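What follows is a single structure, written as structure tokens, with notes after it.
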Amino acid sequence: MRSFGKIVSVVLLFTIIFSTVAFAADNKTYADELYELGLFKGTEKGYELDRTLTREEAVTIFVRLLGEEENSEKQNYSEVFSDVASDRWSFPYVMYCYENKITKGTGADLFSPETPISAEEFVTLVIRLL
């Protein structure tokens, strides 16, 4: 049953992230629901539903979806990507997903954390997650 819940959450998340801006008001309701589940927290500016999710934000959501946020923050990871230093906010989430083969880099030692994630990349992460 827990796997079904994960699938529903991922589908809901996918719908929110890749919907058009015209539906931003409706998406706020979905974002609020994901916030209540601890999966979607937004930034200091709020949810920012009118912009594309970045690679580092996507892996963070997946770590939360797995219920591994606290665990990922306690791990002692080595730096693998030159653009994701150990003091970067997303470091534990990126490294958790890297260590668990959910994500890969975009080059030899790059992750490109601030690059918008494409629909294809997002689906790839969902498939690896499941």
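The values are calculated or read from the model by the stated rules, or taken from the named source; none is laboratory data. In this text the structure is predicted, and so the values were computed from the model without any measurement. All Cβ positions, glycine included, derive from the backbone under ideal geometry; neighbour counts span all protein chains shown. We work out accessible area using only protein heavy atoms, side chains counted, and drop any ligands, DNA or RNA first. Shrake-Rupley method; radii C 1.70, N 1.55, O 1.52, S 1.80 Å.
Of the conditions (1) outside any loop (DSSP other than H, G, I, E, B); (2) within 15 Å of the chain's Cα centre (by Cα); (3) more than 20 Å from Thr43 (Cα to Cα), Glu57 satisfies every one except a single condition; which number is it?
(3)
Looking at the structure I just gave you, is Ala31 over 14 Å from the mean Cα position of the chain (by Cα), over 16 Å from Ile117 (Cβ atoms) and either modelled with pLDDT under 85 or of a type in the set (A, V, I, L, M) (or both)?
no
Taking the options Ser82, Ser78, Ser86, Ser72, name whichever one is of a type in the set (Ser, Thr, Tyr), assigned to a loop (DSSP other than H, G, I, E, B), touching a residue at least 24 places away in the same chain (Cβ under 8 Å) and more than 20 Å from Glu120 (Cβ to Cβ).
Ser82
Which residues, counting only those in region 88-130, are closer than 19 Å to Arg51 by Cβ and of a type in the set (Val, Ile, Thr)?
Thr115, Ile117 - these are the residues of region 88-130 that are closer than 19 Å to Arg51 by Cβ and of a type in the set (Val, Ile, Thr).
Whether any residue in region 51-64 is surrounded by fewer than 16 Cβ atoms within 10 Å (Cβ to Cβ) and in contact with a helix residue (DSSP H, G or I) (Cβ under 7 Å, 6 or more places away or on another chain) is what I want to check.
Scanning region 51-64 turns up no residue that is surrounded by fewer than 16 Cβ atoms within 10 Å (Cβ to Cβ) and in contact with a helix residue (DSSP H, G or I) (Cβ under 7 Å, 6 or more places away or on another chain).
Consider Val94 against the criteria (1) β-branched (Val, Ile, Thr); (2) under 24 Å from Leu37 (Cβ atoms); (3) open to solvent by 10 Å² or more (accessible area, probe 1.4 Å): it satisfies all of them except one. Which criterion is unmet?
If we test Val94 against (1) β-branched (Val, Ile, Thr); (2) under 24 Å from Leu37 (Cβ atoms); (3) open to solvent by 10 Å² or more (accessible area, probe 1.4 Å), just (3) comes out false.
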